[in-house]
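These notes concern the structure reproduced below.
The values are calculated or read from the model by the stated rules, or taken from the named source; none is laboratory data. Because the structure is a prediction, the values reported are computed rather than measured. Cβ coordinates were reconstructed from backbone atoms using ideal geometry, including for glycine residues, and neighbour counts include every protein chain displayed.
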Amino acid sequence: MHFDYSDRVKVLRGRLLVFMDTHVYPSEQSFFNEIAVHRAAGNPWVPTKVVEELKIKARAVGLWNLFLPHSARAPEGLDNLEYAPLCEIMGRVPFAAEVFNCSAPDTGNMEVLERYASEELKDRWLEPLLKGEIRSAFLMTEPDVASSDATNIACRIEREGDHYVINGRKWWGSGAGDPRCKVYIVMGRSNPNAPVHSQQSMVVVPADTPGIKVLRPLPVFGYDDAPHGHMEVSLTDVRVPVSHMLLGEGCGFEIAQGRLGPGRIHHCMRSIGIAERALELMRDRLLRRVAFGKPIATQGVWRERIAESRIAIEQARLLTLKAAWVMDVSGNKVARNEIAMIKVVAPNVALRVIDWAIQAHGGGGVSDDFPLAYAYASQRTLRLADGPDEVHRDAIAKGEFRKCIPKN
């Protein structure tokens with residue numbers, strides 16, 4: 001395993017760091033101020049001018065669609081290992097990934113469309129997504145079942161002639177609150193009598209299809225993540241042509257594994273980025289504040305926490321890079337254990353470092369004067385999103401026990 005940056009990545013990384021310093025960090029407060037204005041006017045679900053203007057600048061300097069490897073439609077896409085250090089930098093600011101058209105759930109949906117959709121569907125939906133003209137949502141999780149076991153999914157996808165009819169209720173549809181969200185990828189049960197992992201399918205559903213209703217936003221610790229949002233969505237007799245089926249009936253789990261592998265590791269890359277930023281904020285705060293006659297940084301407990309933070313971040317980064325390398329060399333299926341491990345490790349490391357940073361900031365740490373409270377809420381969500389810690393740990397354990405089975 002060689003984790004050295006390629007010459008291409010070195011150039012892109014340098015360009016991205018300059019872009020962040022010049023454009024993104026100075027726009028951070030303006031982003032939240034603009035949303036606050038929209039909220040005060042009664043509608044926070046409005047795309048911000050800040051991000052839209054930054055997108056034009058990012059694309060002009062070649063920082064666009066870096067996440068999608070091996071796609072003729074996105075030749076600028078990088079391998080997972082190449083993308084890792086860039087995604088980490090984007091993770092330092094909540095809205096930064098969108099600036100570069102590298103934000104969830106669009107990245108996962110674009111990967112699904114690239115790998116599994118027909119050329120007709122790619123022309124209609126992938127192309128405008130790659131151009132940043134529209135956004136998308138992924139509807140898998142449901143409120144009435146334990147979604148940690150995806151075989152529980154109850155949403156029905158039933159064929160009637162030349163159409164599929166969809167009925168169900170989904171929640172945590174990230175991005176569904178954005179008025180630019182024009183398409184959903186929906187996972188549902190198409191054949192309840194098939195083997196358990198062949199019962200589910202995925203279909204592409206235009207967001208304006210009759211029968212779709214966005215019921216409500218679901219805030220996370222009080223944050224609504226506008227204008228992106230996480231929504232509860234009902235689908236009642238929603239009809240789409242049979243050509244909107246992805247890969248084929250019963251292939252939902254196969255697609256999900258292909259989608260969630262890159263999605264999980266992208267989250268982990270961004271988690272390391274926000275952990276790094278939290279460590280920087282903690283370090284600077286400790287050096288600047290005086291308590292009981294001396295800088296807080298001189299107190300042993302804080303020196304220990306700074307050291308532990310650095311150790312944990314470096315460990316998480318190395319495991320992320322290893323997982324990315326295995327994905328590139330051997331594929332997502334072979335890398336499933338590495339992906340599961342980093343999905344547990346990265347959010348928990350980020351939470352620990354952010355929590356210490358909050359403590360170092362005192363009352364300011366839990367306020368909106370610093371990015372830490374919002375970062376904590378986001379990272380806590382990642383211990384559930386794309387599979388809870390417990391499911392990933394169980395998968396890792398099964399992989400270990402399989403090593404004990406004698407080979408014939």
Every listed condition ((1) surrounded by fewer than 24 Cβ atoms within 10 Å (Cβ to Cβ); (2) under 22 Å from Leu247 (Cα atoms)) holds for Pro143 save (2)
Looking at Pro85, Pro94, Pro44, which one is modelled with pLDDT of 95 or more and over 20 Å from the mean Cα position of the chain (by Cα)? Pro44
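Residues checked against (1) in contact with a His (Cβ under 7 Å, 6 or more places away or on another chain); (2) among the charged types (D, E, K, R); (3) modelled with pLDDT under 95:
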position	(1), (2), (3)
Gly363	no, no, no
Tyr374	no, no, no
Ser378	no, no, no
Asp386	yes, yes, yes
Arg393	no, yes, no
Ile396	no, no, no
Glu400	no, yes, yes
Ile405	no, no, yes
Exactly one of Asp178, Asp224, Asp237, Asp208 is under 25 Å from Phe253 (Cα atoms) and of a type outside the set (A, V, I, L, M, F, W, C), and that residue is Asp237
For a quick check of your reading of the model, give me the residue pairs whose first member lies in the range 350-365 and is of a type in the set (Phe, Trp, Tyr), whose second is assigned to a helix (DSSP H, G or I), with beta-carbon atoms closer than 7 Å and at least 6 apart or on different chains. Trp356/Met282; Trp356/Arg305; Trp356/Ser309
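Residues checked against (1) at negative phi; (2) crowded, with 16+ Cβ neighbours inside 10 Å; (3) part of a strand (DSSP E or B); (4) touching a Leu at 6+ places or on another chain (Cβ under 6 Å):
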position: Pro192; (1), (2), (3), (4): yes, no, no, no
position: Val205; (1), (2), (3), (4): yes, yes, yes, no
position: Lys213; (1), (2), (3), (4): yes, no, yes, no
position: Asp225; (1), (2), (3), (4): no, yes, no, no
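Can you go through Asp386, Asp368 and tell me which one is in a loop (DSSP other than H, G, I, E, B), among the charged types (D, E, K, R) and crowded, with 18+ Cβ neighbours inside 10 Å?
Criteria check complete, one pass: Asp386.
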For Phe401: the one exception among (1) touching a strand residue (DSSP E or B) at 6+ places or on another chain (Cβ under 8 Å); (2) free of Cβ contacts under 8 Å to residues at least 12 places away in the same chain: (1)
Return a yes/no flag: does the range 54-68 have any residue that is among the aliphatic types (A, V, I, L, M), under 25 Å from Met327 (Cα atoms) and touching an Asp or Glu at 6+ places or on another chain (Cβ under 7 Å). yes
Boolean, Ile354 is within 23 Å of Leu78 (Cβ to Cβ), part of a helix (DSSP H, G or I) and at pLDDT 95 or above: no
Counting just the residues of the range 37-52 that are surrounded by 13 or more Cβ atoms within 10 Å (Cβ to Cβ) and free of Cβ contacts under 8 Å to residues at least 60 places away in the same chain, which one comes out farthest from Pro94 (Cα to Cα)? Glu52
